[in-house]
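Before any comments, here is the structure.
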Amino acid sequence: MFAPRDPDEYLLDTEQRVIRVRRHWAYLAWDTFEAVALLAVCMMISYLLPPQGWLIQNVLWYIALIVVLRYAYQVLMWWLERIVVTDKRILMTTGLFTTRALMMPIGKVTDLTYKQTVNGRMLGYGTLIVESAGQIQALNYIDFLPKPEQVFDALSDLIFGDEDARKARFSMYRAQRIAQGQKPIG
């Protein structure tokens, strides 16, 4: 009842899921550094205070608790955010209390670019830039995307590839899932 919906619940019966990922763990690197640094500062100040400074120590430990709760919330939000690419659209779901579903039809995509920084190449993430005709869409810039080359290739195949080959590949994928006793997607 309180859990956010699974992104697959947003898919239509006629859609085939191609990719389902969450942002790379490096997305949390700065938040992790920030939380560890703030906790270290709180512990160091608490250790250096004289025993008469009990009020300041209590305040420091409450600050440390707030830092831990904030970091836990950020990790949970990262965990719940999903990016799904189907044969008809790109979908991103996010949110714990208020769920948002961002969507862009594949047919509206006019240009597709990915870029990787040096850190991104070492850790395996990049940025995908999706441009559409006319207006800026909600999903035009997706950063910290894991394996951006594979996502780029799959999207390029969906947008510019041969439709007959794509249909044959999806029917083979569907047959494999049925043979393995799994629920077919779409």
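Let me spell it out: the conditions are (1) surrounded by 13 or more Cβ atoms within 10 Å (Cβ to Cβ); (2) part of a helix (DSSP H, G or I), and ALA72 meets all of them except one. Which number is the exception?
The failed condition is (1).
Please name all residue pairs, on different chains or six or more residues apart, with Cβ atoms under 8 Å, provided the first residue is in region 10-35 and is crowded, with 17+ Cβ neighbours inside 10 Å and at pLDDT 95 or above and the second residue is assigned to a helix (DSSP H, G or I) and charged (D, E, K, R).
These pairs meet every condition: ALA35/ARG70.
Give me the residue from region 57-69 that is at pLDDT below 95 and not hydrophobic (A, V, I, L, M, F, W, C) and, out of that set, surrounded by the fewest Cβ atoms within 10 Å (Cβ to Cβ).
Filtering first and then ranking leaves ASN58.
Checking the structure you have, find out if any residue of region 31-49 is in contact with a helix residue (DSSP H, G or I) (Cβ under 7 Å, 6 or more places away or on another chain) and among the acidic types (Asp, Glu). First the steps, then the outcome.
So the first thing to find is which residues in region 31-49 are in contact with a helix residue (DSSP H, G or I) (Cβ under 7 Å, 6 or more places away or on another chain), and the list is 31, 35, 38-39, 42, 45-46, 49.
Now restrict to residues that are among the acidic types (Asp, Glu): 31.
Within region 31-49, one or more residues are in contact with a helix residue (DSSP H, G or I) (Cβ under 7 Å, 6 or more places away or on another chain) and among the acidic types (Asp, Glu).
I'd like to verify a number: residues in region 95-115 that are part of a loop (DSSP other than H, G, I, E, B) and in contact (Cβ under 8 Å) with a residue 40 or more places away in the chain, how many? Let's see the steps before the verdict.
Step one: of region 95-115, the residues part of a loop (DSSP other than H, G, I, E, B) are 95-99.
Adding the requirement that they be in contact (Cβ under 8 Å) with a residue 40 or more places away in the chain leaves 95-96, 99.
Residues flagged as part of a loop (DSSP other than H, G, I, E, B) and in contact (Cβ under 8 Å) with a residue 40 or more places away in the chain within region 95-115 amount to 3.
The values are calculated or read from the model by the stated rules, or taken from the named source; none is laboratory data. Computed from a predicted structure; not experimentally measured. Methodologically, a virtual Cβ is constructed for each residue, glycine included, from the backbone with ideal geometry; neighbour enumeration extends over all protein chains shown.
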